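To start, the structure under review is shown below, and the notes come after it.
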């Protein structure tokens with residue numbers, strides 16, 4: 001399987017002391033820029049540079065449909081996935097606004113939408129199938145389909161790196177994908193599904209109770225171990241989630257910075273981190289989603305998000321909104337004066 005060829009190493013720490021010296025000798029009290037300082041250190045380590053740069057920042061939005069929608073776990077029909085992809089291509093979605101505002105490139109990927117799109121220069125056709133299967137009945141995808149999705153995600157990243165990108169945002173679109181993310185989270189984090197499943201696109205209390213009931217049945221039927229992340233991904237994932245896992249692993253293996261969005265994107269990262277734990281060193285966690293399980297995912301990974309804005313839209317919107325903070329971290333590291341250069345007295 002292609003997944004076995006991913007190799008993500010811990011960034012070389014030899015430069016860390018020099019980076020901290022540079023950060024601590026800027027014209028500010030120690031630690032005064034808070035999390036910006038840790039982000040500056042992280043990106044310096046990723047790039048092995050005292051003067052890191054964010055080149056051709058690119059948001060990858062993966063889209064796919066889910067067979068579990070047949071079980072009535074979403075208040076929206078499956079057709080909305082394709083309709084939103086068309087909205088992305090026409091420039092009308094929130095992610096279009098935020099990436100444009102922050103000068104990020106946007107690439108929309110059809111990983112497995114139940115719709116035949118006409119060729120479009122702004123759409124990457126990587127379709128595995130028209131939808132995953134209903135995992136209430138059978139695994140969402142075959143092992144071969146899962147491996148192919150991982151491979152295509154890696155190829156997409158390689159193409160963007162060839163165009164100069166070293167900073168990726170990750171987002172998704174897929175009606176039903178909060179159910180997939182909840183199942184992945186439940187198994188990999190060893191938590192009951194009640195602590196993982198949320199309202200998704202806006203379920204009421206009755207709808208949420210039904211969703212939990214269905215997913216509880218799913219977890220019981222499949223009886224999967226947290227040790228086999230690729231099997232969990234194949235059984236419960238969407239093509240967009242699987243393709244995102246491959247893209248994340250490849251981006252990290254090639255020393256790029258990964259901006260992680262919300263609940264679905266972090267579920268993909270849970271899988272990637274089970275496969276290659278060192279990937280977390282390359283991830284900036286943009287925000288804590290309002291989807292109920294997201295904080296528990298972040299706690300499981302032992303990471304801290306940059307923002308808390310009650311977002312739960314997906315699409316990569318949180319990552320796009322956090323990108324200016326990452327720019328600020330790199331900016332102060334590169335351009336802020338030191339005590340010595342500015343001739344400012346230091347604390348005694």
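Only the coordinates and a few stated rules stand behind these numbers; no lab work does. Keep in mind the model is a prediction, meaning the values are calculated, not measured.
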> By how many degrees, 0 to 90 and rounded to 10, does the Cα axis of helix 143-162 deviate from the longest principal axis of the chain?
Replying inline: 30 degrees
> What full-extension length gain, to one decimal in nm, is calculated for residue 341 and residue 225 as 0.36 nm per residue of separation minus the Cα-Cα distance?
Replying inline: 36.1 nm
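Compute the Cα gyration tensor for segment 58-323, then decide on rounded, prolate or oblate, letting a ≥ b ≥ c be the square roots of its eigenvalues: rounded whenever a/c is under 1.5, prolate when a/b is larger than b/c in the other cases, and oblate in all that remain. Don't jump to the answer; show the numbers that get you there.
Values: a/c = 1.33, a/b = 1.23, b/c = 1.08.
Taking the square roots of the gyration eigenvalues as a ≥ b ≥ c, segment 58-323 is rounded.
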> If one takes the longest principal axis of the Cα atoms in the chain, at what angle in degrees, from 0 to 90 and to the nearest 10, does the Cα axis of helix 35-47 lie?
Replying inline: 80 degrees
> In degrees between 0 and 90, to the nearest 10, how far off the longest principal axis of the chain does helix 263-275 point, with axes built from Cα atoms?
Replying inline: 80 degrees
>> What is the distance in Å between the Cα centroid of segment 151-174 and that of segment 180-226?
In response: 29 Å
> Which residue, 288, 189, 256, has the most motion in a Gaussian network model of the chain that connects Cα atoms within less than 10 Å?
Replying inline: 189
> What value, in deg cm²/dmol to 500, does the helix sum -39500 (n - 2.57) over DSSP H runs of n ≥ 4 give at 222 nm once divided by the residues of the chain?
Replying inline: -14500 deg cm²/dmol
